[in-house]
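Colleague: Shown below is the structure under consideration.
Throughout, read-outs are computed from the coordinates displayed, never taken from laboratory work. Values in this document were obtained by computation on a predicted structure and should not be read as measured data. Neighbour counts run over all protein chains shown; Cβ positions are idealised from the backbone, glycine included.
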Amino acid sequence: GAVVSQHPSWVICKSGTSVKIECRSLDFQATTMFWYRQFPKQSLMLMATSNEGSKATYEQGVEKDKFLINHASLTLSTLTVTSAHPEDSSFYICSAGLAGRYEQYFGPGTRLTVT
Amino acid sequence: KNQVEQSPQSLIILEGKNCTLQCNYTVSPFSNLRWYKQDTGRGPVSLTIMTFSENTKSNGRYTATLDADTKQSSLHITASQLSDSASYICVVNPNNAGNMLTFGGGTRLMVKP
């Protein structure tokens, strides 16, 4: 149990376009979802935390207007990278958590390349 | 300064050998400490989770230890296999932080035949 999926697994887009990444909890309802970014040979960096039905909380230095997060249901959160630039190229990973439980279940990640 | 420091940053060992990865943390108090394995291009997968009161936790060939007095944890891998080649990340869940996690920088392990 506790499977988290991401779609797409990889995407290539042109500079200036927007890209949407989906994160789904397949067999449980996630009260909280987290979005991370990971650059090569570095650890995960938390971008934002979102709770179903409320606005996401962004970490310092993360532009909320550039990285739009929607947590529309207990099983789905989306991250939209707006007006993508080459420096946004990274590995984006989501995770899902349950209220009252400290475990986070990570998705397989999405590789974004902006050309 | 990162609150979770891992060493070494990278490690190369021969297949079949054992190795130990280190994690020093300053996060205190904390709810639990975890070790994750992350294959290249994949999301992290949980190996062990220890609460602050636990000293050791095993998962197959992986054994994690925790010394709350010295604020150190280690991950011991026994009889390494080629598939153990990955990054191993030490993660601390601070008290009263809900699901929030503090990540170490990871140790990149390469197992060679």
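Colleague: Is it the case that region B:104-112 has a residue that's of a type in the set (A, V, I, L, M, F, W, C), closer than 30 Å to residue A:33 by Cβ and without any contact (Cβ under 8 Å) to a residue 40 or more places away in the chain?
Modeller: Taking every residue of region B:104-112 in turn, none turns out to be of a type in the set (A, V, I, L, M, F, W, C), closer than 30 Å to residue A:33 by Cβ and without any contact (Cβ under 8 Å) to a residue 40 or more places away in the chain.
Colleague: Further, regarding this structure: Would you check which residues across region A:1-25 are crowded, with 19+ Cβ neighbours inside 10 Å and charged (D, E, K, R) and list them?
Modeller: A:24
Colleague: For region B:76-95, give me the residue count where each residue is of a type outside the set (Gly, Ala, Ser), surrounded by fewer than 17 Cβ atoms within 10 Å (Cβ to Cβ) and away from chain A (no Cβ under 11 Å).
Modeller: 4
Colleague: Has region A:26-37 got at least one residue that is touching a residue at least 24 places away in the same chain (Cβ under 8 Å), farther than 29 Å from residue B:96 by Cβ and either surrounded by fewer than 19 Cβ atoms within 10 Å (Cβ to Cβ) or within 14 Å of chain B (Cβ to nearest Cβ) (or both)? Explain how you work it out, then say what you get.
Modeller: The first filter runs over region A:26-37 and keeps only residues touching a residue at least 24 places away in the same chain (Cβ under 8 Å), leaving A:26-37.
From the residues that got through so far, the ones that are farther than 29 Å from residue B:96 by Cβ too are A:26.
From what is left, the residues that are either surrounded by fewer than 19 Cβ atoms within 10 Å (Cβ to Cβ) or within 14 Å of chain B (Cβ to nearest Cβ) (or both) are A:26.
Taking every residue of region A:26-37 in turn, at least one turns out to be touching a residue at least 24 places away in the same chain (Cβ under 8 Å), farther than 29 Å from residue B:96 by Cβ and either surrounded by fewer than 19 Cβ atoms within 10 Å (Cβ to Cβ) or within 14 Å of chain B (Cβ to nearest Cβ) (or both).
Colleague: Yes or no: region A:57-73 includes at least one residue that is in contact with a His (Cβ under 8 Å, 6 or more places away or on another chain) and not in a strand (DSSP E or B).
Modeller: no
Colleague: Would you point out the residue of region B:1-35, among those that are buried (at least 20 other Cβ atoms within 10 Å of the Cβ) and in contact with a Gly (Cβ under 9 Å, 6 or more places away or on another chain), that is farthest from the other protein chains (Cβ to nearest Cβ)?
Modeller: Once the filter is applied, the top-ranked residue is B:25.
Colleague: Would it be correct to say that residue B:109 is surrounded by 15 or more Cβ atoms within 10 Å (Cβ to Cβ), of a type outside the set (D, E, K, R) and under 19 Å from residue A:105 (Cα atoms)?
Modeller: For residue B:109, the condition - surrounded by 15 or more Cβ atoms within 10 Å (Cβ to Cβ), of a type outside the set (D, E, K, R) and under 19 Å from residue A:105 (Cα atoms) - is not met.
Colleague: State which residue is farthest from the other protein chains (Cβ to nearest Cβ) when the search covers only region A:99-113 and only residues that are surrounded by 20 or more Cβ atoms within 10 Å (Cβ to Cβ) and part of a strand (DSSP E or B).
Modeller: Top of the filtered list is A:112.
Colleague: Please indicate, with yes or no, whether at least one residue in region A:76-98 is in contact with a Pro (Cβ under 6 Å, 6 or more places away or on another chain), in a strand (DSSP E or B), within 14 Å of chain B (Cβ to nearest Cβ) and under 23 Å from residue B:32 (Cβ atoms). Before you say what the answer is, go through the steps one by one.
Modeller: Here is the first cut: in region A:76-98, the ones in contact with a Pro (Cβ under 6 Å, 6 or more places away or on another chain) are none.
No, region A:76-98 contains no residue that is in contact with a Pro (Cβ under 6 Å, 6 or more places away or on another chain), in a strand (DSSP E or B), within 14 Å of chain B (Cβ to nearest Cβ) and under 23 Å from residue B:32 (Cβ atoms).
Colleague: What is the residue count in region A:8-63 for residues that are on the phi > 0 side of the Ramachandran plot and under 12 Å from the mean Cα position of the chain (by Cα)?
Modeller: Matching residues across region A:8-63 total 0.
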